[in-house]
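S.K.: Could you have a look at this structure, given as structure tokens, before my questions?
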Amino acid sequence: MHRRLFPRALALAALVAVAATAGAPTATAEAPTPARTRLTATIDTILADSRLAGAQAGVVVVDTATGETLYDRNGDRRLVPASNTKLLTSTAALALLGPGHRFSTTVSTDGRRRAGLVSGNLYLRGGGDPTMLAADYDDLATQVAATGVRVVTGDLVADDTRYDDARLGSDWTSDDEPYYYGAQVSALTVAPDTDYDAGTAIVHATPATTAGGKPAVTMTPPNGYLRIDNRAETVATGETTLSFERAHGSNTVVVTGQIAVGADPASEWVTVWEPTGYAADVFRAALRRHGVRVLGRTVPGRATPADATPVARHDSMALAELMVPFLKLSNNGHAEVLTKEIGRILSGSGTWPAGLTAISEYVADTGMNTGALRQRDGSGLSRRNMIPPAQFAALLATVRTEPWFDAWYAALPVAGNADRSVGGTLRSRMRGTAAADNVHAKTGSLTGASSLSGYVTDADGHLLAFSVVLNNYLASSVKGLEDQIAITLASYTERDPGAARQAPPAAPDTPRTAEGRECSWVKPITC
């Protein structure tokens, strides 16, 4: 296990002290300045909003240069952080695996080979790559065909043994299972597009040309692993009410509802049951297209023999590059794969417990008090994750000295930037304010739990680390309150105390779809 040098730990003493005193009123050597007093009053007013009546709120703001706590409300309170959990997972991954870490997917053969005939098996070995597309499997098939292989007499073995066979987090709720953010985790998988939601397929429905006909249903990528049960109908006029459902333990997608003649096609991401078989199906089809026949069955879950002969290989993008789709789009699957990969690399065990142990040791080395928090998965989908805002602030302040920090900071969503590859889940928030193109922060959202933790540069040019975690509210959304706090911090200045804001700033409304969903979370983008 990688451990930090002792002098490094000494250098973090001030930040540890900040975290340790998070629950107490902020104490400074001098009385608060007028600007500081007004900052406190402004954030207090925001948190007094009726949407938080009966809820829990934790907010901490730290000056990263001095380690001074500028604001603290319930900083030591353990709260459900949702996807802010990814701050721990992503920093640990960069530190423990390295920014240049890549995932490798390989194809090997065993048995005797004569001319184009392989008297043995073909092994597709997954290395955990969550960015494998159908095109990548096609490239592997191209490489196999280029070696002269034409017929494999044995089986296609889908080797997913790099990680264990626990597909879903033990604390995840069953109603999340069909949705792209709750996809099963496997060392061998496939993603349908460059959002890289591994273990999902996109199901498309196009209306028939006349009323009464069934819509045409297709999938990306095309595959024979999922089966479509099309019960939908094309109608003359009316709203699209299509539903795409997959039951637990099944790979049948039932399509119901209606779509009007001439309406735009409807699409939905659907998770698959056992993604190892899904990847093998896509690869087998690619082999067939390139003139390679495998006569045997597809056999999942068997390890590649050590003496097998490699014939094809695909390497993923570097981890530093992977951070962009991971953090910008809050990709849960990436978080869980990285957790298991950390366990595999550091202890030889590709499991959640091994990975979470290593993450805990890393963040403890940064100054987080791991005795005050609980992390149960890599993504934050578990409601048993409990992390105090002060611990997020301590982590954010400390990792600025890491050699990979610039790449990680750039991968965080950027407030108000409409470019999805930059703004990510913050692209529709805080537009036209002092926080736009300023705040770099991780969003988090579960029913009744919302969070925003990251960085903002104030009006004096100081980089502040902040964490806002809100729990147990009944309102449909409290993200506007998070935005108000971030905008307040972006406008904060000590240079002109008389101009310091006390009334909360307005937060622009987040655009919504016709169904009322906030555009930042819509997939695909329709705003």
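S.K.: Rule-of-thumb check for the range 126-174: C-alpha Rg over 2.2 N^0.38 Å?
M.R.: Working: Rg = 15.5 Å, N = 49, 2.2 N^0.38 = 9.7 Å.
Here the Cα radius of gyration is 1.60 times the empirical estimate.
S.K.: In a Debye calculation with equal point scatterers on the alpha-carbon sites of the chain and no solvent, what is log10 I(q)/I(0) at q = 0.05, 0.07, 0.11 Å⁻¹?
M.R.: Values returned for q = 0.05, 0.07, 0.11 Å⁻¹ are -0.23, -0.44, -0.97.
S.K.: Can you tell which of T234, V272, A285 lies farthest toward the positive end of the dipole of the range 224-299, using +1 and -1 charges on the Cβ of basic and acidic side chains (Lys, Arg; Asp, Glu)?
M.R.: Highest projection toward the positive end goes to A285.
S.K.: Near V422, within a Cβ-to-Cβ distance under 14 Å, what is the net charge of the other residues, with Lys and Arg +1 and Asp and Glu -1?
M.R.: My count for the surroundings of V422 gives +3.
S.K.: Still on this model: Please say if the range 60-159 is rounded, prolate or oblate, where rounded means a/c under 1.5 for a ≥ b ≥ c the square roots of the C-alpha gyration tensor eigenvalues, and otherwise the choice is prolate for a/b larger than b/c and oblate otherwise?
M.R.: On the way: a/c = 4.84, a/b = 3.84, b/c = 1.26.
Prolate, because a/c is 1.5 or more and a/b exceeds b/c.
S.K.: Just how far, in whole angstrom, is the range 171-246 from the range 330-392 if you go by their alpha carbon centroids?
M.R.: 31
S.K.: Now a separate question. Return a whole-number percent for the relative contact order of the range 37-160, with Cα pairs under 8 Å and 6 or more residues apart as the contact set.
M.R.: So the answer I get is 18 percent.
S.K.: Provide the FRET efficiency to the nearest 0.05 for the H290-D437 pair, computing r from the beta carbons and using R0 = 56 Å.
M.R.: E(calc), rounded to 0.05, equals 0.75.
S.K.: Moving on. Under the rule of -39500 (n - 2.57) per DSSP H run of 4 or more residues, summed and divided by the residues of the chain, what mean residue ellipticity at 222 nm is obtained, to the nearest 500 deg cm²/dmol?
M.R.: So the helix-based figure for the chain works out to -8000 deg cm²/dmol.
S.K.: Which of the three applies to the range 328-390, rounded, prolate or oblate, going by the alpha-carbon gyration tensor with a ≥ b ≥ c and a/c under 1.5 meaning rounded? The partial results should precede the final answer.
M.R.: On the way: a/c = 1.81, a/b = 1.16, b/c = 1.56.
The shape class here is oblate.
S.K.: Using amide H atoms built in the peptide plane, which far-off residues or other-chain residues are under 5 Å from R429 H to H?
M.R.: Here the answer is G416, since their amide H atoms fall under 5 Å of that of R429.
S.K.: Each residue of the range 485-494 in order: what ³J(HN,Hα) in whole Hz does its phi give by Karplus 6.51 cos²θ - 1.76 cosθ + 1.60, θ = phi - 60°, with x for Gly and Pro?
M.R.: Along the range 485-494, the couplings run 5, 5, 5, 4, 5, 5, 8, 5, 8, 9 Hz.
S.K.: So, in the chain, how many Lys pairs have Cα atoms under 15 Å apart, if the pair is 8 or more places apart or on different chains?
M.R.: Number of lysine pairs found: 6.
We did not get these values from a lab; they are worked out from the coordinates using the rules stated. Since we're looking at a predicted model, the values are computed, not measured. Heads up, the Cβs are rebuilt from the backbone with ideal geometry, glycines too, and the neighbour counts pull from every protein chain shown.
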